[in-house]
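S.K.: Right, I'll just put the structure down here and ask away after.
Every number in this text was worked out from the coordinates using simple rules, so none of it is lab data. Because the structure is predicted, anything quoted here is derived from the model rather than measured. Neighbour counts are summed over all protein chains in view; Cβ atoms, including those assigned to glycine, are modelled from backbone coordinates with ideal geometry.
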Amino acid sequence: MDPILVGYLGAGMLFVFLAIGIPVGVSMGIIGVGGMLLGAGELFTWGQLRNLPFWVVNNYAFAVLPMFVLMGVLAESSGVTRDVFYSSDLWLRRFRGGLYQAVIVGSAVFAAISGSTIVNAVVFTRIAFPQMLKFGYSRSLSIGAIAGSGSFAAMIPPSITMVIYAIITEQSVGQLLMAGVIPGLITAFVYLAGVYLLVRLRPSLAPPIKDRVLLSEKFKSMIYVWPVLFLMAIVLGGIYTGLFPPSAAGAAGAFGAFCLAIAKKRTLKRWLPPALYDAATISCVIFVILIGGLLLSRMLVVVGIIDSLVDLITSVADTPLKFMIFVSILYILLGCFLDTTSMMVVTLPFLFPVVVELNIDPIWFGIVLVKLIEISVITPPVGINLFAVLSALGDQAEFHHVVKGVIPFILFDILVLALLISFPELATWLPQKMIAG
């Protein structure tokens, strides 16, 4: 059977399985196993089923993933998110549009201890949105700011998205995490500047807040933020200097988040069991998707689909710029149907060989890919962050409010994407300066 035809059939079956409600990890695994049985025989297929799942869950390098998940869950359980937003609010409230700025700054800080865009968006919806409505802020732009800045967790380390990219493409987790620092800060800065200009052009989006806040109260609020900054320094500083590898950095971060939660919440049985359950559930779902995706990618290799797809893509996109435009369109479209992990697991097996073929820096490509994922999670009609925010809002908003509010932030992200494509050094400079990669 023609490999391209097999690829089309597999893609069609995947969408059918997803449409009838089969989990994406299971769907990819079924298609992968079926394709290997037809294309490589029973012996090869059973060998892969025996070895590949064990290799994924037993690889020490992959321990960074559940550690980062646990770190974020424990940090959220400790209530640190509310403290970060509260402090940002006090410092920025008197500025025009200060609550928008507080959400952006708070999300950027929380993203540095939580790798999940959904958690980031949902948490700030519950904390910030009532305050924004209370002070007469635009309902739509408030939702857009929360959904857009919630995507920071994909770029600012520790990023679960980057860890998954590193696992699939066999790149350095440490270098990828460091590569996301400057693009993440640039994104936050562009958001801050963009919101500032919007509020200046349309003052009705953010009425002035006349409440006076004493300087002593502002500094007092920083007491709750310093432990978070210290936790960030341990994780990122340890990776950057080579003091410990990413897996150990994740463990150190999870332990630090645990100590922070202990200090803020004394009764362990109320918050610790649910937090551990959530961390285990999220980690298991990610590993199931990874295993299913790797089975699918092995099938694509053994039946010859990868070579055919690489030839097809390079015939259309034969330069790095054309290829990046092709990938950008592909990911923004796929973001309407798949979650971020599934997008990478499904597409990287045939995209990454093209990256190698065109001599594209894999670290830079990974950062551009993460930026595309940030855009896809807030792109209507099916951006996953949009529905996360909408579910957290309940009956306080309708979908058209979400779509209207998120459009400016999509434009901000496209601007950052253009910068990253035009100046690869924004992603590659910091990893090159690492003492140990």
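S.K.: Using alpha-carbon positions, what is the distance between the centroids of the range 407-437 and the range 159-196, in Å?
M.R.: Their Cα centres are 8 Å away from one another.
S.K.: Kindly flag which residue pairs out of Lys220/Lys371; Lys371/Lys404; Lys322/Lys371; Lys218/Lys433 have an alpha-carbon separation exceeding 27 Å in this structure. Kindly include the intermediate steps, with their values, before the conclusion.
M.R.: Numbers: Lys220/Lys371 35 Å; Lys371/Lys404 21 Å; Lys322/Lys371 17 Å; Lys218/Lys433 36 Å.
Those over the limit are Lys220/Lys371; Lys218/Lys433.
S.K.: Just to be sure I follow: if Rg is taken over the C-alpha atoms of the chain and Rh is the Kirkwood radius over the same atoms, what is Rg/Rh?
M.R.: Details: Rg = 21.9 Å, Rh = 22.4 Å.
Rg/Rh: 0.98.
S.K.: Sticking with this structure for a sec: Can you give me the C-alpha center-to-center distance between the range 29-100 and the range 227-279, rounded to a whole angstrom?
M.R.: Taking the Cα centre of the range 227-279 as reference, the centre of the range 29-100 is 16 Å away.
S.K.: Right, next: From the square roots a ≥ b ≥ c of the eigenvalues of the alpha-carbon gyration tensor of the range 73-220, which class results: rounded (a/c under 1.5), prolate (a/b over b/c), or oblate? Can you show the working numbers first?
M.R.: Working: a/c = 2.19, a/b = 1.78, b/c = 1.23.
Judged from the Cα gyration tensor, the range 73-220 comes out prolate (a/c at least 1.5, a/b above b/c).
S.K.: Considering the dipole of the chain built from charges on the beta carbon (Lys and Arg +1, Asp and Glu -1) around the Cα centre, which of Pro424, Phe219, Leu243 is farthest to its positive end?
M.R.: About the Cα centre, the residue reaching furthest to the positive side is Phe219.
S.K.: Could you work out the helix-only [θ] at 222 nm for the chain, with each DSSP H run of four or more residues adding -39,500 (n - 2.57) and the total divided by the number of residues, to the nearest 500 deg cm²/dmol?
M.R.: On the way: 23 runs with 343 residues, N = 437.
Computed ellipticity for the chain at 222 nm equals -25500 deg cm²/dmol.
S.K.: Once every Cα of the range 123-172 carries one equal point scatterer and solvent is ignored, give the base-10 log of I(q)/I(0) from the Debye formula at q = 0.21, 0.33 Å⁻¹, two decimals.
M.R.: Result of the Debye calculation: -0.72, -1.15.
S.K.: If you don't mind, there's one more thing I want to ask. With 10 angstrom as the radius, rank Leu268, Leu358 by how many other C-beta atoms surround their C-beta, starting from the fewest. Working shown, then result.
M.R.: Details: Leu268 11, Leu358 18.
Listed from fewest to most nearby Cβ atoms, that is Leu268, Leu358.
S.K.: For a distance above 26 Å, tell me the whole-number percent of Cα pairs in the range 1-132 that qualify.
M.R.: Summing the P(r) tail past 26 Å for the range 1-132 gives 52 percent.
S.K.: Give me the orientation-averaged projected area of the Cα convex hull of the range 302-437, in nm², one decimal. Walk me through the numbers on the way to the answer.
M.R.: On the way: hull surface 41.3 nm².
With the hull built on Cα positions only, its mean projection is 10.3 nm².
S.K.: Report Rg(Cα)/(2.2 N^0.38 Å) for the range 240-299, keeping two decimals.
M.R.: Rounded to two decimals, the normalised Rg is 1.55.
S.K.: Leu330 to Thr281: extension gain in nm, 0.36 nm per residue of separation minus the Cα-Cα distance?
M.R.: Numbers: separation 49, 0.36 × 49 = 17.64 nm, distance 2.95 nm.
So the extension gain works out to 14.7 nm.
S.K.: Note down the nm distance, to one decimal, between modelled labels 7 Å out along Cα→Cβ at Ala233 and at Val57.
M.R.: Taking the simple label geometry, Ala233 and Val57 are separated by 3.9 nm.
S.K.: Further question: Springs between alpha-carbon atoms under 10 Å, Gaussian network over the chain: tell me which of Val16, Val109, Val190 tops the mean-square fluctuations.
M.R.: In this elastic network of the chain, the residue with the biggest mean-square fluctuation among Val16, Val109, Val190 is Val16.
S.K.: Next question. Running a GNM on the chain with Cα contacts under 10 Å, which residue among Leu201, Leu65, Leu300 ends up with the highest mean-square fluctuation?
M.R.: Result for the chain, Cα springs under 10 Å: Leu201 fluctuates most.
S.K.: Exposure proxy check: Phe17, Phe110 ranked by fewest other beta carbons within 10 Å? Spell out each step's value before the answer.
M.R.: On the way: Phe17 17, Phe110 27.
The order, fewest Cβ neighbours first, is Phe17, Phe110.
S.K.: Charges on Cβ only, +1 for Lys and Arg, -1 for Asp and Glu, centred on the Cα centroid of the chain; of Val389, Tyr331, Leu358, which one is farthest towards the dipole's positive end?
M.R.: Val389
S.K.: Using the reciprocal of the averaged 1/r over all distinct C-alpha pairs, how large is the Kirkwood radius of the range 187-245 in Å? Let's see the in-between values first.
M.R.: Numbers: mean 1/r = 0.0658 Å⁻¹.
Hydrodynamic radius (Kirkwood, Cα only) of the range 187-245 equals 15.2 Å.
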